[in-house]
Amino acid sequence: MIDKTTAEHYQWGEQCDGWYLLKRKDLLIIHERMPPQTAERRHYHEYSRQFFFVLSGELCMELAGETYRLQAQQSLEIPPNISHQACNASQQPVEFLVISHPSTRGDRYDLPVLHDNDQ
């Protein structure tokens, strides 16, 4: 059994957190937390398909030029080779699951920064 208290933890961006719930080459499941007013760097994955599921808060996801605002219990699938960027434009933290098949390790390609808040 694994949960946030026992999972391998890492930090990314500006005070964002991630916990590896499952870390295999064929499947990666991460619980992530983004504080208010944070964003990841726009990127894409050549092989990995991702599924974002919001646990609490609001997650903004820019996907190939279109922005989606996901609330708790809502989700979005990101196909391979589609640029995307997660951000938290709200005043509350957002927590979500990211499920990647196969793993994104070694399959992330960052894109040039377009906005001041890109990371």
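The values are calculated or read from the model by the stated rules, or taken from the named source; none is laboratory data. Predicted model, so just to flag it, every value in this text is computed and none were measured. So basically every Cβ, Gly included, is an ideal-geometry build from the backbone, and we count neighbours across all protein chains shown.
Within segment 58-79, the only residue that satisfies the criterion of being touching a residue at least 24 places away in the same chain (Cβ under 8 Å) and among the polar types (S, T, N, Q) is SER75.
The set of residues in segment 22-57 that are buried (at least 18 other Cβ atoms within 10 Å of the Cβ) and free of Cβ contacts under 8 Å to residues at least 40 places away in the same chain contains only GLY57.
Residues in segment 20-52 that are among the acidic types (Asp, Glu), within 20 Å of LYS4 (Cβ to Cβ) and in a loop (DSSP other than H, G, I, E, B): GLU40 alone.
Grab the strands (runs of 3 or more DSSP E) fully contained in segment 57-119, keeping just those with 3 or more residues being in contact with an Asp or Glu (Cβ under 7 Å, 6 or more places away or on another chain). Steps first, answer last, please.
Values: elements: 59-63, 66-70, 75-78, 84-88, 94-101.
Passing ranges, in order: 84-88, 94-101.
Scanning segment 1-35 for residues that are of a type in the set (D, E, K, R) and either in contact with a Lys or Arg (Cβ under 8 Å, 6 or more places away or on another chain) or at pLDDT 95 or above (or both) yields GLU8, ASP17, LYS23, ARG24, LYS25, ASP26, GLU32, ARG33.
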